[in-house]
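All of the numbers you see were taken from the coordinates with simple rules; none came from a lab. Everything quoted here is computed from the prediction, not taken from an experiment. We place every Cβ from the backbone using ideal geometry, glycine too, and count neighbours over all the protein chains shown.
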Amino acid sequence: MSAAAAHVPRPRRKQPADESRRLDGAEARPAPSASLQRGISFGVLAMLPLFVGYEIALAASGTGSHNAAEYALTWPLRPFGDYAPLARLLVLLLIAGVCAYRCFHSELGLVARIGRVITEGFVAAVVLGPVLLLLQSVFALPIPALGAHGHTVPDLAQGVYHVSGAAFEEIVFRVGLQSAFFVLVLQVALFFSEHERGSRIFAEIGSIVLGAFVFAAAHLAPVVGLFAAGGEPFDAAIFAWRFLAGVMLGVLFRMRGPGVAAWTHAFFNLALFVGAGPDVFL
């Protein structure tokens, strides 16, 4: 081969349009991440109306009664004494600020997304009741008597209190305990098996079931009595109902995030509070 031929320039390969944009730094912004809604930061922001409603209900009722999950979460604030409610508000504002910072640096349009989360929660709450009744029937479980107020008019402050407390319960039982159970069960499964995919599936199912069991048990008087007065005596029908509800909420938490789970829980509590218990539809 001659020297002249050795210096003949080769034709440049035409780069694909997307590769060219990457090299030029002009690639279009990626589509909004679907995982944002399932994140903890966004879930906490979606729960803010429930947190605000809870604080208003506490102030309006004046009874000093607290949701057991909120009581457990804010236990470290007890040394503040009379200033504990103020400390709780400041901590909540700090957490909300951090979550808002993280989310606004991930994606805009959060107001519309929170609206969709609330809508999803409402739809899921409407579906949850019939699904629970179906499961009770499939497993031949007795139907619990829930949500009956007779001819009394429910108190507004108490209604807001029961509805908004769902946010604290979802943080404790789904974000906290179910996530912890997932990590624990996954590590145990991986210790005995080399199949990572199978271990993760086992951990998902195990964490949902364990979380639902603790959720149902946490409403009983012996458990609530560890933190404060209150709780209910054991009733097999109500325990099974709450366990199945915990399973459904656990699935929602994993599939749609803590915000949807919290609003589903809140709307479902609202339906029970105004008297729409299972016995109403049977």
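Placing pseudo-labels 7 Å out from each Cα toward the beta carbon at Ser179 and Arg102 gives an inter-label distance of 0.7 nm.
In order along region 69-75, phi translates into HN-Hα couplings of 5, 5, 4, 5, 5, 9, 4 Hz, rounded to whole numbers, per the Karplus curve 6.51 cos²θ - 1.76 cosθ + 1.60 with θ = phi - 60° and x for Gly and Pro. Sequentially through region 216-232, phi angles give Karplus couplings (6.51, -1.76, 1.60; θ = phi - 60°) of 5, 5, 5, 8, 7, 4, x, 7, 4, x, 5, 10, 7, 6, x, x, 10 Hz, Gly and Pro residues having no value and appearing as x.
Phi angles across region 51-61 convert, under the Karplus curve 6.51 cos²θ - 1.76 cosθ + 1.60 with θ = phi - 60°, into 3J(HN,Hα) values of 4, 5, x, 5, 5, 5, 5, 4, 5, 6, 6 Hz, Gly and Pro given as x. Under the simplified labelling scheme, the Gln187-Leu226 pair shows an inter-label distance of 2.0 nm, with each label point 7 Å from Cα along Cα→Cβ. Over every Cα atom in region 42-120, the radius of gyration and the widest Cα-Cα span, Dmax, amount to 14.5, 41 Å. Sorting Glu204, Glu194 from the fewest to the most surrounding beta carbons within 10 angstrom yields Glu194, Glu204. Amide H contacts of Leu141 (H built 1.01 Å from N, in plane; Pro and chain starts excluded): no residue 5 or more places away or on another chain comes under 5 Å.
The modelled label-to-label distance between Ile56 and Leu156, using points 7 Å beyond Cα along the C-beta direction, is 0.9 nm. Database remark: amide H of Leu220 closer than 5 angstrom to the amide H of Glu232 (H placed geometrically; neighbours at sequence offset of 5 or more, or on other chains; Pro and chain starts carry no H).
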